[in-house]
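Comments concern the structure below.
The values are calculated or read from the model by the stated rules, or taken from the named source; none is laboratory data. These numbers come from a predicted model, not from an experiment. A quick note on method: Cβ atoms are made from the backbone with ideal geometry, for glycine too, and the neighbour counts reach across all protein chains shown. Heads up: the accessible areas ignore ligands, DNA and RNA and are worked out on the full protein's heavy atoms, side chains in. Shrake-Rupley method; radii C 1.70, N 1.55, O 1.52, S 1.80 Å.
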Amino acid sequence: MATSSNSSKKTMSSSPSSAGRPPQGVKFARRTSSGRVMSLSRDDDLDMSGEFSGENDYINYTVMMPPTPDNQPMAGSSGAGTASDSKTDGPGPYGPSRFGAESRRGVDDDGGGDSEAAKADRRMSVMNSSNNKSILLRSQTGDFDHNRWLFETKGTYGIGNAYWSEKQENKYGPEVEMSMQDFIDKPWKPLTRKVKIPPAILSPYRLLVVIRLVVLFLFLLWRVQNPNPDAMWLWGMSIVCEIWFAFSWLLDILPKQNPINRATDLDALRDKFEQPSPTNPTGRSDLPGVDVFISTADAEKEPPLVTANTILSVLAAQYPVEKLSCYISDDGGAILSFEAMAEAVNFAEVWVPFCRKHEIEPRNPDSYFNSKVDPTKNKKRPDFVKDRRWIKREYDEFKVRINGLPDVIRKRSEMYNSKEDVNERKLSKERSIGGGGDDAEPAADGEASNVTKATWMADGTHWPGTWLEPCADHKKGDHAGILQVMSKVPEMEAVMGFPDEKKLDFTGVDIRVPMFAYVSREKRPGYDHNKKAGAMNAMVRASAILSNGPFILNLDCDHYIYNSMAIREGMCFMMDRGGDRICYIQFPQRFEGIDPSDRYANHNTVFFDGNMRALDGLQGPVYVGTGCMFRRFALYGFHPPRANEYLGMFGTIKAPAPNYHEIEAQLEADPDLPDSEKQPLATHPDLGLPKKFGNSQMFTDSIGVAEYHGRPLADHASVKNGRPPGALLEPRPPLDAPTVAEAVAVISCWYEDKTEWGDRIGWIYGSVTEDVVTGYRMHNRGWRSVYCITKRDAFRGTAPINLTDRLHQVLRWATGSVEIFYSRNNAFLACRRLKFLQRIAYLNVGIYPFTSIFLVVYCFLPALCLFTGQFIVAGLSVPFLSYLLIITVCLCLLSLLEVRWSGIGLEEWWRNEQFWLIGGTSAHLVAVIQGLLKVVAGIEIHFTLTSKATAEDEEDIYADLYVVKWTIINPPNGVNLNNQGMQI
Ligand SMILES: O=c1ccn([C@@H]2O[C@H](COP(=O)(O)OP(=O)(O)O[C@H]3O[C@H](CO)[C@@H](O)[C@H](O)[C@H]3O)[C@@H](O)[C@H]2O)c(=O)[nH]1
Ligand SMILES: [Mn+2]
């Protein structure tokens with residue numbers, strides 16, 4: 001089933017051994033004599049597609065079909081001569097494939113933002129918002145608290161609701177003819193609201209914190225004043241520890257004083273962006289684009305089947321198909337991942353419409369078929385059972401194909417290699433015939449064994465990535481950049497299926513699949529690839545050129561979309577009033593396959609439901625990796641578009657942001673300033689600052705567009721930095737070859753030379769927990785973030801199940817924290833835009849591993865007491881005991897209240913305490929030592945990938961639970977087994 005598709009593969013090294021390669025296609029990337037690919041910037045007036053083939057400084061660029069792993073690997077490529085027509089255009093198992101990049105790109109449209117029409121649109125919106133607002137509307141936006149009011153009235157009011165629900169019935173009917181005035185006067189309905197934690201819980205909580213603080217202070221004072229003269233050393237040691245514990249408790253508890261909950265209104269989002277309106281008569285989606293990034297690094301530890309399932313869940317997400325793009329970054333450059341992804345896209349052709357037709361959840365096939373609930377629940381269509389049976393079989397076959405891939409690839413490669421061998425032998429024979437003699441034969445044999453064993457793609461070309469038998473240019477950390485658009489940019493309008501389409505009846509179901517691209521950045525020895533952060537940055541650039549979605553969702557390869565509405569939930573925040581100041585939306589990380597009693601606190605609920613919720617009430621949750629939706633513009637290192645800054649201890653002092661004021665004043669004085677001057681982007685405090693993004697003009701041009709597309713709708717006077725409704729209805733231009741070439745150029749390993757990538761732009765380098773640092777930088781610039789807990793989990797993933805893997809993970813996180821502590825990202829050095837309590841929270845992130853030193857010492861104290869017969873105090877006096885009692889009772893009450901406001905279970909809380917001690921006396925301590933070694937001796941820290949369980953080992957999913965691999969981080973655990981250290 002050869003599928004027609006275009007692969008855009010950069011053949012960086014034109015190795016002579018690739019005799020069977022088809023003739024090179026479009027040539028357009030420029031390569032200098034030094035071997036570097038230089039500025040590939042596309043000039044809009046210049047048609048680059050044809051003219052470069054004559055120049056010798058352009059490298060070859062092949063647009064070819066992706067070899068979807070077929071089950072007749074050698075067919076059609078039996079001879080080197082036939083390879084050239086391997087671009088067979090046949091239907092795959094599900095009909096004509098959607099693979100491929102188009103060859104032309106709309107000339108008149110460059111994505112919206114900067115074109116004349118868009119400018120005119122924006123001017124219109126400025127006029128509308130300033131002139132046409134009714135008095136009523138303005139009064140509503142004054143000091144009146146919409147969110148609160150809506151919440152209290154359960155969110156139903158005004159003509160808005162009635163009006164819009166009527167519309168739903170008849171999308172394209174005559175009702176569309178509503179007047180502009182109607183539209184403008186539509187009450188402005190918030191997309192999100194804050195839900196306060198009941199004061200009945202919060203007030204006693206705060207009170208107890210104060211009480212405990214005072215008592216703790218008095219206790220320590222008493223302890224200092226009452227030494228134990230018999231054992232001063234014991235007394236001294238214990239008191240130092242106790243003071244540290246008090247300090248770290250303070251760091252932990254202070255940022256927790258204002259937890260909040262949030263709720264989103266998905267209906268309001270739909271009404272606002274996807275209902276017919278004067279600016280949008282057909283009700284086409286006016287939502288901004290979203291680029292989803294999946295990262296994988298190792299096809300062994302991260303099984304391709306798991307990754308493929310994640311991809312499928314993304315492709316089937318409920319978001320306008322034409323606005324959604326998915327990218328996978330393969331840091332391993334493995335052909336296995338590549339072909340598995342090609343298979344996944346193939347399967348998506350039926351899987352995605354199936355999900356839409358029957359509205360199933362979750363849309364990760366593996367979880368869906370394994371879920372314990374009755375699949376027919378709430379299913380009304382009579383053909384559901386039949387369809388499900390069919391797709392289940394189809395999925396099983398898909399699994400078999402994926403599992404068979406390693407074999408297929410190996411066999412195929414062996415075949416090609418032996419063919420090469422034979423050719424080589426023939427050649428040498430011919431050569432040696434001149435010399436004559438029978439001894440030619442053994443000589444040829446000897447030669448053959450020298451030929452490197454290449455890894456071949458199904459179309460008879462060399463795999464540009466890592467080979468099964470690694471060699472120079474084709475191994476991990478040394479291979480070309482690969483970018484392949486596996487599913488092309490979809491049509492703008494829904495494409496409805498018909499009966500019997502692809503063996504299922506898809507009548508009235510949109511059968512489009514979002515764009516999907518496989519990306520493996522170039523890697524060369526001598527370059528620091530910066531782990532996940534580097535992979536992310538490469539994807540940020542490639543996606544800016546290919547789709548430029550103003551929002552970026554990042555998922556690890558094992559984290560799939562569990563709630564197909566998740567992206568829309570995030571979008572509610574981004575598109576709400578003030579949403580343009582939100583840099584990212586962190587979703588809680590939820591895990592599956594963890595032992596029921598969650599022995600090692602893998603769920604981490606105390607963190608995800610407690611700490612993060614609390615931070616949401618300050619400046620926002622920290623960025624903790626997978627399940628986070630970014631504003632692209634914020635990733636580029638800009639400051640938030642804001643007129644005011646909030647300074648001071650508690651961020652309550654309002655002051656105008658620098659520069660902004662001046663420009664405002666200028667504008668007032670001279671209303672005839674050029675239009676561009678009125679745009680909020682132009683009034684960004686730091687837009688003038690030169691940022692070093694690298695030399696891709698196409699990339700630089702995309703920045704402003706992404707910013708503009710990411711703004712909330714300017715449908716209300718209170719939206720200061722919005723875009724007009726209907727601005728995002730333009731179709732996306734199809735991808736053309738120069739665009740793809742540019743995307744390949746920006747994933748090359750030298751692109752970041754002398755730029756600020758990883759320093760001020762994108763994911764920040766230099767830490768194994770790139771996530772925390774990246775988020776910190778944004779908060780430090782004054783952005784805020786939002787924590788989005790959805791009723792149905794947004795995403796789900798796997799977590800390490802045995803103690804060793806878990807400790808390694810905790811070790812990596814703690815090491816990252818120590819790195820942060822010793823870096824310039826230490827919150828002590830933060831600028832004043834970081835709110836005070838937020839700063840404390842970040843300090844805590846950097847400091848918590850150091851607690852382990854004191855914890856270990858303290859854990860040894862009981863033993864020391866036992867041996868020496870001494871105690872930390874002179875005698876068990878009444879004040880000592882009563883202080884201890886109050887402190888402990890307060891702590892218990894606080895924990896209870898915390899459990900109440902965060903909604904976690906008591907057992908979960910207890911597991912967390914236990915694991916805190918286990919990790920605190922082992923992994924954290926090692927992390928402190930590692931961190932010190934790095935700072936003092938410059939010893940690098942490795943990123944140990946967390947192994948993911950295969951979806952296959954179902955027999956005993958907890959088999960790993962008790963596996964203990966002895967490593968340096970285990971021994972301190974012995975301490976814990978007997979001691980439960982007294983915890984202040
Ligand atoms: O060189 C690398 C190393 C890792 N990864 C990817 O990074 C992700 C996270 O790796 P994993 O071993 O699963 O780490 P976890 O501890 O499970 O991940 C958490 O912690 C990481 C930081 O330590 C964050 O990056 C993750 O998003 C967060 O989920 C995976 O998708 C990897 O494929 C790469 O792309 N390139
Ligand atoms: Mn993980």
Exercise for the section: Please find, among S487, S547, S520, the residue that is farther than 24 Å from P353 by Cβ and not β-branched (V, I, T). Expected result: S520
Handout entry: Residue ID - farthest from P724 (Cα to Cα), chosen from residues in region 547-565 that are more than 16 Å from ligand 1 (Cβ to nearest atom) and open to solvent by less than 10 Å² (accessible area, probe 1.4 Å)
Key = S564
Exercise for the section: Please verify whether region 302-315 includes one or more residues that are in contact with a Leu (Cβ under 6 Å, 6 or more places away or on another chain) and either in a helix (DSSP H, G or I) or within 15 Å of ligand 2 (Cβ to nearest atom) (or both). Expected result: yes
Exercise for the section: For region 406-429, indicate whether the set of residues that are within 22 Å of V352 (Cβ to Cβ) and either in a helix (DSSP H, G or I) or in contact with a Cys (Cβ under 6 Å, 6 or more places away or on another chain) (or both) is non-empty. Expected result: no
Exercise for the section: Please verify whether region 321-331 includes one or more residues that are within 16 Å of ligand 1 (Cβ to nearest atom), part of a helix (DSSP H, G or I) and at pLDDT 95 or above. Expected result: no
Practice task
Taking F245 as meeting all but one of (1) open to solvent by less than 10 Å² (accessible area, probe 1.4 Å); (2) away from ligand 2 (no atom under 16 Å from the Cβ); (3) in contact with a Phe, Trp or Tyr (Cβ under 8 Å, 6 or more places away or on another chain), write down the number of the exception.
Solution key: (1)
Handout entry: The lone exception for L896 - which of (1) in contact (Cβ under 8 Å) with a residue 40 or more places away in the chain; (2) open to solvent by 60 Å² or more (accessible area, probe 1.4 Å) it fails
Key = (1)
Exercise for the section: Could you please find all residues in region 742-770 being within 12 Å of N825 (Cβ to Cβ) and either under 15 Å from the mean Cα position of the chain (by Cα) or of a type in the set (A, V, I, L, M, F, W, C) (or both)? Expected result: I764, T769, E770
Exercise for the section: Exactly one condition in (1) open to solvent by 10 Å² or more (accessible area, probe 1.4 Å); (2) part of a loop (DSSP other than H, G, I, E, B); (3) farther than 16 Å from N228 by Cβ is not met by A874; state its number. Expected result: (3)
Practice task
Determine whether L932 is away from ligand 1 (no atom under 16 Å from the Cβ), under 21 Å from L807 (Cβ atoms), in a helix (DSSP H, G or I) and more than 29 Å from the chain's Cα centre (by Cα).
Solution key: yes
Exercise for the section: Could you tell me whether G797 is crowded, with 21+ Cβ neighbours inside 10 Å, outside any helix (DSSP H, G or I), within 16 Å of ligand 2 (Cβ to nearest atom) and not β-branched (V, I, T)? Expected result: yes
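Filter region 248-273 for residues that are within 30 Å of V878 (Cβ to Cβ), surrounded by 19 or more Cβ atoms within 10 Å (Cβ to Cβ) and among the aliphatic types (A, V, I, L, M) and give the result.
I253
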Practice task
Confirm whether V215 is open to solvent by 30 Å² or more (accessible area, probe 1.4 Å) and at pLDDT 90 or above.
Solution key: no
Completion exercise
Selection from region 709-720 of residues open to solvent by less than 10 Å² (accessible area, probe 1.4 Å) and either among the charged types (D, E, K, R) or more than 18 Å from E322 (Cα to Cα) (or both) yields R711, P712, L713, H716
Exercise for the section: Tell me, yes or no, whether region 266-284 has at least one residue that is modelled with pLDDT of 95 or more and either within 16 Å of ligand 2 (Cβ to nearest atom) or out of contact with any helix residue (DSSP H, G or I) (no Cβ under 8 Å at 6 or more places or on another chain) (or both). Expected result: no
Exercise for the section: Scan region 358-396 residue by residue and report those that are more than 30 Å from the chain's Cα centre (by Cα) and in a helix (DSSP H, G or I). Expected result: F384, V385, K386, D387, R388, R389, W390, R393
Exercise for the section: Answer with yes or no whether P490 is part of a loop (DSSP other than H, G, I, E, B) and in contact with a Ser or Thr (Cβ under 8 Å, 6 or more places away or on another chain). Expected result: no
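Whether any residue in region 740-756 is within 16 Å of ligand 1 (Cβ to nearest atom), of a type outside the set (A, V, I, L, M, F, W, C), within 21 Å of M536 (Cα to Cα) and surrounded by fewer than 22 Cβ atoms within 10 Å (Cβ to Cβ) is what I want to check.
Scanning region 740-756 turns up no residue that is within 16 Å of ligand 1 (Cβ to nearest atom), of a type outside the set (A, V, I, L, M, F, W, C), within 21 Å of M536 (Cα to Cα) and surrounded by fewer than 22 Cβ atoms within 10 Å (Cβ to Cβ).
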Completion exercise
Over region 615-641, the set of residues in a loop (DSSP other than H, G, I, E, B) and within 16 Å of ligand 1 (Cβ to nearest atom) is P621, V622, Y623, V624, G625, T626, G627
Completion exercise
When region 809-854 is checked residue by residue, the ones that are within 16 Å of ligand 1 (Cβ to nearest atom), open to solvent by 20 Å² or more (accessible area, probe 1.4 Å) and touching a Pro at 6+ places or on another chain (Cβ under 6 Å) are Q809
Completion exercise
Turns out the strands (runs of 3 or more DSSP E) fully within region 500-614 with at least 2 residues that are away from ligand 2 (no atom under 16 Å from the Cβ) are 515-520, 551-556, 582-586
Handout entry: Yes/no for R806 being within 16 Å of ligand 2 (Cβ to nearest atom) and either open to solvent by 30 Å² or more (accessible area, probe 1.4 Å) or farther than 30 Å from E361 by Cβ (or both)
Key = no
Practice task
Select from region 861-876 the residues that are without any contact (Cβ under 8 Å) to a residue 12 or more places away in the chain and closer than 28 Å to F217 by Cβ and list them in ascending order.
Solution key: G875, L876
Exercise for the section: Would you check if I482 is open to solvent by 10 Å² or more (accessible area, probe 1.4 Å) and either at pLDDT 90 or above or of a type in the set (A, V, I, L, M) (or both)? Expected result: no
